[in-house]
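One structure is given below, encoded as C-alpha cells.
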Amino acid sequence: MNTGASSFSQGVDTAFIVILSISLFFLVGITVAMIWFVIRYNRKRNPKPRDVKDNTKLEIIWTVIPTILVLVMFYYGWIGYTPMRKVPNGAMEVKATGRMWSWQFDYPNGKQSNVLVVPLGKPVKLDLYSPDVLHSLYIPAFRIKEDVVPGLNNYMWFQADKLGEYDILCAEYCGVQHAYMLSKVKVVPEEEFLVWFNTREPESDTLESVGLQILKKNGCLACHSQDGSKLVGPSFKELAGSQRKVTTSSGEEKTVIADDAYIERSIYDPNAEIVEGFSKNLMVSYKEQITPEEVKEIVQFLKTLNEKK
Amino acid sequence: MNHSIPSGGFFDNEGKPAWLAWLTTTDHKRIGLLYFYSLTVFFLVGVILGLLMRLELINPGKDLVEAQTYNGLFTLHGVIMIFLFVIPGVPAVFGNIALPLLLGARDVAFPKLNLLSWYLYIGGAILALSTLLVGDGPPDTGWTFYAPYSVKTGTNVSMAVLAAFILGFSSILTGLNFLTTIHRMRCPGMSWFKMPLFAWALYATSWIQLLATPVVGITLLMIVVERWLGIGLFDPALGGDPVLYQHLFWIYSHPAVYIMILPGMGVISEIMPTFSRRRIFGYKAIAYSSLAIAFIGYFVWGHHMFTSGMSGPARIIFSILTFLVAIPSAIKVFNWLATMYGGSIDMKPPMLYALGFIFLFLIGGLTGLVNGALATDVHIHDTYFVVGHFHYVMFGGTGFAFFAALHYWFPKIYGRMYDVKAATRAFWVLFTGFNVLYFPMLVVGMMGMPRRYYDYLPQFHLPNLISTVGSWITVAGLIYMIVVLVKGYRKGATASANPWDGLTLDWQTDSPPSKENFDTIPTVTEGPYEYK
C-alpha cells in the first residue's frame, strides 16, 4: 500500500495494522496447530483416538476472547472513520461532478477544472454530484472513497498533508468506460494554489466558443474527439452536414444527413439512430442537462470544426 | 473392477427408458444428481468466463476483448457462479442426496415439490444463459444489478433479472422442503441434538432461504416494473432512490452469503469427526452457532453500503453487527480444530479438502474483518481486495466444501472409489493455483485498484499478471480433479458400504443406496459421532 497523504491516513493505517496483525496471528496459529495435529495424531502414529470430552470452559474462552478482539477492531475502525464525516468549518467547498465517464471540479469562484488542485494542509469539502448513474470518488493515497449518487447530496472531505500528484479513480461500476474514469488530485503549496485559483485561463472564457464550453461542461469530449480519432462515440470532426449511415432502434439501416435536427436528436435520444461502427446504449439522453438553446450553440461550434479543415 | 457405469440401488430404472426415469424421478438421490450434473455444467461455463476475464487482465490495455464484452463477461460470471452454482450448490446437491439418509428417512417431505424445484432451477438457468444469445447483448451491470445503471442500460437486464427471480423460487421451495423434512421425518430416537451437524446447518440455511429470498424476488420485479412501465422506484430521474435499491438488494444478498457458506460448514462438521475418528468437539456449540449466524446474518447487510451515502449512525451500527457475526464462525473453527486433537487422523481426500476449506475460509473470514471495520472498509470497498475476499469465502470456502462433500459421498453415491492418490495430487494443484490466483487480488486491492476494471494503471500490473498465471494452475487442478473422479465413476473399484468408517446413518446402508434408502427405518440411541 502506498504511503498515506491525507490527515486520515494515520487513523486508517492504524486500523489496518491492528486488524491485520490480529488476523495474521490467528491464521498462523490455527494453521500451525492444524499441521501439528495432522502429524502428531496421524492414524499411523496414533491408531487409537483418545476420547476427549466437551469442555464448557474452553467454549466460553474461545467465545469471549474473539468477542473482545473484534470489538477492539471495531473500535479502531470507528475512530479512524469518524473524522471522515466531520467537515471542519471553513473548508473550501468544491463541487465534484462524476458523470459517464469523466470528473469535473467546480470551485467557489466559478473556476472549472478536470484535475482537482488543492492547497497543502487546508481542508477541502467535495459536494458530490452525478447527473446520470452511480459513481464513486476514490483517492487511494488519501484513504477515502464516497459514492456519487444521482439525486442525493452526498459529500466527502479531506486535508492533504503531502505535496504531490495522486490518482483519482471511479470505484463504482458505471458502464463501458468505467476503468477510464480517472483523474488526478494535485496537492500544491497554498501560494501556488492561490495563483492557480485566481488565474482565469484566457481561452476558457474569451477564445473558446460557447458551444465548446457546453461540450466540456457535460464531459462530451471524453467519448467524442475533435480530431477524427475514434473513441467510444463518433468524432465531432466534419460531423455537421455529413452523410451518415445509421441503424434505427427498429433495426432499419439508412443514410441520413447530419443536419441541426439530427444533432439535437442525437443528444436527446442517442439510441434512436446509431452510426455504423458504434454500439448503442453507451450514451444516455442529455435532455435534463442540455437546453435547446445550448444545443444550438453546440451545432454552431460543430460547424466551425468543418471550416478549419 | 467393473467396466460399466454404476448400476444397482437407486440407479435401477425399473424398466423405464433412462431419460424418462431420470426426468420424472421423485427420488431425492436422483434429484440431487440431476442438480449435480446441471450445476457442474454451469460451474464450468462460469470457470471459462472467469478464465477469459483473467486473460484480458494479464496486461494493461486491450488484450483479448472489447470493454463492453468484458463487462458482459464479469456480469455473467457473477450471475452464473452465484445464482446457478454457489447458492444452490451444497444444499441442492448434497443436501438432497444426504439429508434423508442422515435422518434415516426414505425421502424428503415433498418429493414432487423437490422435482419442481429442479425444473424451476433449469428454467431460470436457461433464461439466464439465453441473455447471451438473444436481444441486445448480455447484461453489463455486474451481478448486483445496481440502479440506476441497470434501469438505463439497454442490454438484456430484464431477462437476467427475471431469471434470478425464478431461481429464487427454486431456492425457497428447497428450503421449505428441507425444513419440513427435518421437523417431521427424523427416524425414531433421533432427537434434535442427536441429529448430524450437516442437518443442523441445512436447517439454519433453509430458514434464510425461506425468509430472505422473497425480498430479492420483489426487488428484482421492481426493476422490471421500472424498466418496462417507467415507474420511478430507484432511478432519481423518475423520482426514485438508488440507495433504496441497494438496501433491498443486500437485505437478501447478505443473508444469501450464509445460504452459501453454512451448508459448507455443515459438510466440514461431518468430515472432521469421521476422519479424526473422534466425537466432534462442541456439538452444541457448532449447532447453535449455525443458528446464530443465520439470525445475526439478517442484520448486517448495511456493511455493503458504508460509502453509499447511508446515514452516519447507520454505518456505525452495521459495522458493530458485522463484527458480531464473525464470532460464531470463529467458534466453529476452534471446535473443528479441537476435534482433531487426540484423534486418529486419516488424511484422505475429503479430510484434505476439509482442512483446505478451513485455511482458505480463515483467510476469507479474516479479510472480512477488514471489510467490517469502517476506516479500512472505506479504503478497500469496491476494490480487488473485496474480490479476493469473497473468492476466498465463496470458492475457497463453499467451493472447497463442495469438493470435500463430493469426495466424501462419492463412494456412497456411486458405490465406487476414485484413485485416492491421484485425488490428493489434484487437491494440491488446485490449492496452490487457488492461492496464486486470489492472493494477489488482496494485494492489488490494498494498493487501490477498483474492481470491475477492464483496464488498469501500470502500477497494478505485477499482481494481475501473477493472478492470471494462478488462474491457469487453478483450471489445471480442476481438470485433474474431474478426470480422477470421472475415471473413478467409470472404472473405480467397488466401494464398501462404509469406506470411511462413518457412524452417521448414511454409512449404515448400501452403496449406492436402494431407492427406499433403508430396508427398515433405523432407530438411533446415541449421538451421531460416538466413536468409542
Output for segment B:291-316, where each listed residue is under 24 Å from B:GLY175 (Cβ atoms) and of a type in the set (Val, Ile, Thr): B:ILE293, B:ILE296, B:VAL300
Exactly one of B:ILE286, B:ILE320 is closer than 30 Å to B:TRP250 by Cα and within 9 Å of chain A (Cβ to nearest Cβ), and that one is B:ILE320
Picking from B:THR474, B:THR468, which residue would you name as being part of a helix (DSSP H, G or I) and within 21 Å of B:VAL420 (Cα to Cα)? B:THR474
Note: among A:VAL28, A:VAL87, A:VAL94, A:VAL72, just one is of a type in the set (A, V, I, L, M) and part of a strand (DSSP E or B), namely A:VAL94
Complete set of residues in segment A:29-70 that are more than 7 Å from every other protein chain (Cβ to nearest Cβ), more than 23 Å from B:GLU530 (Cβ to Cβ) and within 52 Å of the chain's Cα centre (by Cα): A:GLY29, A:VAL32, A:ILE35, A:TRP36, A:ILE39, A:ILE60, A:ILE61, A:VAL64, A:ILE65, A:ILE68, A:LEU69
Quick one: what pairs do we get from segment B:337-363, first residue under 18 Å from B:ASP501 (Cβ atoms), second part of a loop (DSSP other than H, G, I, E, B) and of a type in the set (Gly, Ala, Ser), C-beta under 9 Å, 6+ apart or different chains? B:THR339/B:GLY282
Do we find that B:PRO450 is touching a Leu at 6+ places or on another chain (Cβ under 6 Å) and more than 29 Å from B:THR339 (Cβ to Cβ) in this structure? yes
Could you list all residues from segment A:269-294 that are over 25 Å from the mean Cα position of the chain (by Cα), surrounded by 15 or more Cβ atoms within 10 Å (Cβ to Cβ) and more than 21 Å from A:GLN243 (Cβ to Cβ)? A:GLU294
Do we have any residue at all in segment A:106-116 that's within 14 Å of chain B (Cβ to nearest Cβ) and part of a strand (DSSP E or B)? no
I need the full set of residues from segment B:289-314 which are in contact (Cβ under 8 Å) with a residue 12 or more places away in the chain and away from every other protein chain (no Cβ under 14 Å), in order please. B:SER290, B:LEU291, B:ALA294, B:GLY297, B:TYR298, B:PHE299, B:TRP301
Residue list for segment B:106-122, filter: within 23 Å of B:PHE402 (Cα to Cα) and among the small types (Gly, Ala, Ser): B:SER117
Can you tell me which residue is farthest from B:GLN246 (Cα to Cα) among those in segment A:154-167 that are more than 7 Å from every other protein chain (Cβ to nearest Cβ) and within 14 Å of the chain's Cα centre (by Cα)? A:TYR166
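Residue by residue, here is whether (1) surrounded by 21 or more Cβ atoms within 10 Å (Cβ to Cβ); (2) within 14 Å of chain B (Cβ to nearest Cβ) holds:
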| site | (1), (2) |
| --- | --- |
| A:LYS125 | no, no |
| A:ASP132 | yes, yes |
| A:SER136 | yes, yes |
| A:LEU152 | no, yes |
| A:LEU169 | yes, yes |
| A:LEU194 | no, no |
Just to be sure I understand, how many residues within segment A:237-263 are small (Gly, Ala, Ser) and exposed (fewer than 11 other Cβ atoms within 10 Å of the Cβ)? 2
Cβ contacts < 7 Å: first residue at the interface with chain A (Cβ under 7 Å from one of its Cβ atoms) and over 16 Å from A:GLY175 (Cβ atoms), restricted to segment B:138-166; second residue in a helix (DSSP H, G or I) and among the charged types (D, E, K, R), any location; separation 6+ or different chain. Result? none
Taking segment B:116-132 as the search range and keeping residues that are part of a helix (DSSP H, G or I) and more than 20 Å from the chain's Cα centre (by Cα), which one is surrounded by the most Cβ atoms within 10 Å (Cβ to Cβ)? B:LEU127
Restricting attention to segment A:127-144, which residues are assigned to a strand (DSSP E or B) and in contact with an Asp or Glu (Cβ under 8 Å, 6 or more places away or on another chain)? A:ASP127, A:LEU128, A:HIS135, A:SER136, A:LEU137, A:TYR138, A:ILE139
Residue count for segment B:349-382, restricted to those that are within 23 Å of A:SER7 (Cα to Cα), β-branched (Val, Ile, Thr) and within 7 Å of chain A (Cβ to nearest Cβ): 3
Which residues, counting only those in segment A:241-274, are over 25 Å from A:ASP132 (Cβ atoms) and either assigned to a loop (DSSP other than H, G, I, E, B) or within 14 Å of another protein chain (Cβ to nearest Cβ) (or both)? A:GLY241, A:SER242, A:SER250, A:GLY251, A:GLU252, A:ASP259
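Results for (1) crowded, with 24+ Cβ neighbours inside 10 Å; (2) closer than 22 Å to B:ALA204 by Cα; (3) more than 18 Å from the chain's Cα centre (by Cα), shown as yes or no for each residue.
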{"site": "B:GLY312", "(1), (2), (3)": "no, no, yes"}
{"site": "B:MET347", "(1), (2), (3)": "no, no, yes"}
{"site": "B:PHE361", "(1), (2), (3)": "yes, yes, no"}
{"site": "B:ALA375", "(1), (2), (3)": "yes, no, yes"}
Would you pick out the residues in segment B:339-348 that are more than 7 Å from every other protein chain (Cβ to nearest Cβ) and under 10 Å from B:MET272 (Cβ atoms)? B:THR339
Does B:VAL257 satisfy the condition of being touching a strand residue (DSSP E or B) at 6+ places or on another chain (Cβ under 9 Å) and either assigned to a helix (DSSP H, G or I) or surrounded by fewer than 24 Cβ atoms within 10 Å (Cβ to Cβ) (or both)? no
So which helices (runs of 4 or more DSSP H) stay within segment B:133-246 end to end and still have 3 or more residues that are surrounded by fewer than 22 Cβ atoms within 10 Å (Cβ to Cβ)? B:157-184, B:197-229
Check whether at least one residue in segment A:84-99 is in contact (Cβ under 8 Å) with a residue 60 or more places away in the chain, among the aliphatic types (A, V, I, L, M) and touching a Gly at 6+ places or on another chain (Cβ under 9 Å), and report yes or no. yes
If you go through segment A:138-150 one residue at a time, how many are closer than 13 Å to B:PRO148 by Cβ and facing another protein chain (nearest Cβ under 8 Å)? 3
Of these, A:ARG85, A:ARG99, which one is under 22 Å from the mean Cα position of the chain (by Cα), within 27 Å of B:GLY372 (Cβ to Cβ) and not polar (S, T, N, Q)? A:ARG85
Counting only residues that are under 10 Å from the mean Cα position of the chain (by Cα) and closer than 20 Å to B:PRO236 by Cβ, which one in segment A:172-183 is farthest from the other protein chains (Cβ to nearest Cβ)? A:MET181
Among the residues of segment A:69-81, is any in contact (Cβ under 8 Å) with a residue 12 or more places away in the chain and β-branched (Val, Ile, Thr)? yes
Selected residue (only one of B:LEU51, B:LEU84 is closer than 30 Å to B:ILE182 by Cα and either in contact with a helix residue (DSSP H, G or I) (Cβ under 9 Å, 6 or more places away or on another chain) or in a loop (DSSP other than H, G, I, E, B) (or both)): B:LEU84
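Every number in this text was worked out from the coordinates using simple rules, so none of it is lab data. In this text, all values refer to a predicted model and were calculated from it rather than measured experimentally. Methodologically, a virtual Cβ is constructed for each residue, glycine included, from the backbone with ideal geometry; neighbour enumeration extends over all protein chains shown.
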